[in-house]
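First up is the structure itself, then whatever we jot down about it.
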């Protein structure tokens, strides 16, 4: 993949669409919970909110850090997030000093117009008596500002006291029984993506726990919905969007499964398209699809490049 071409296209697309320079916007990324004092063993939810001060935002990144000796992470939920495409899906790691860290970065393809929106939620359990701070660090947002100046993002912390004398109340988390939204994969090819090989594009959302991963099957068989449910799990292969197709002749049925964090599934199906996509002039560009793919990838790699350059500048 030609990264320089994608980055150049990203910059040109941004200028053409918005007519404004890319900037780092002022705003606040903060944590909120209905609990300030909890008992030992109490489970509770913490929400991460972005307040943009009414400025449009197209991407963001950040980390949440907390003392793991006081709080145990139970679950991460990014359903109904304003982030439409995760560059780095929210995930947990444990640091050498014992602290817990949640890392995330993502793109809002159509921009965020709300003044305040939820990014993600975490469910934690209080482990022992004490007072602990949950902090947001290394956070930035990218948007379309009028000045082009980089200004700092205000980060707020959440302090929670854990008391041995505080009664534990039942924490009932709504069970996620809803499948991911229906979606419609598309096949495309282009000189800058997978060396002209055909690939499939797919993306959907889940309003509750969030998308966990995608899986694919390429088969000569036209499975029914019931047969798909009964297929051996080993036949499915985990993939990341976009995914290069194994069958470059496009003579196979393609099945894409979206799985949310609760295990609910939605499957999309594509019929063989050899006679449609391998004939000229469709081999290299299905114009409307390619434009969408390139724009999405440009945002993806443009954000990564900007993030690396910004971190390097801070270190210098």
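The values are calculated or read from the model by the stated rules, or taken from the named source; none is laboratory data. Given the structure is predicted, the values throughout are model-derived calculations rather than measurements. Here the Cβ is made from the backbone with ideal geometry for all residues, glycine too, and neighbour counts use every protein chain on show.
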Which one is modelled with the highest pLDDT among residues in the stretch 222-239 that are out of contact with any strand residue (DSSP E or B) (no Cβ under 7 Å at 6 or more places or on another chain) and under 20 Å from residue 204 (Cα atoms)?
225
Candidate set: the stretch 47-56, residues that are part of a strand (DSSP E or B) and buried (at least 22 other Cβ atoms within 10 Å of the Cβ); chosen: the one modelled with the highest pLDDT:
48
Members of the stretch 234-268 that are surrounded by 15 or more Cβ atoms within 10 Å (Cβ to Cβ) and touching a helix residue (DSSP H, G or I) at 6+ places or on another chain (Cβ under 7 Å):
242, 250, 255, 267
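Suppose the filter is at pLDDT 85 or above, buried (at least 18 other Cβ atoms within 10 Å of the Cβ) and more than 23 Å from residue 206 (Cα to Cα); does residue 43 pass it? Explain how you work it out, then say what you get.
Numbers: at pLDDT 85 or above: yes; buried (at least 18 other Cβ atoms within 10 Å of the Cβ): yes; more than 23 Å from residue 206 (Cα to Cα): yes.
The answer is yes for residue 43.
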Candidates 109, 90 - the one that is in contact with a helix residue (DSSP H, G or I) (Cβ under 7 Å, 6 or more places away or on another chain), over 20 Å from residue 35 (Cβ atoms) and in the same structural domain as residue 139 (by TED's automatic domain parsing):
109
Give just the number: which of (1) surrounded by fewer than 18 Cβ atoms within 10 Å (Cβ to Cβ); (2) modelled with pLDDT under 95; (3) over 21 Å from the mean Cα position of the chain (by Cα) does residue 9 not satisfy?
(1)
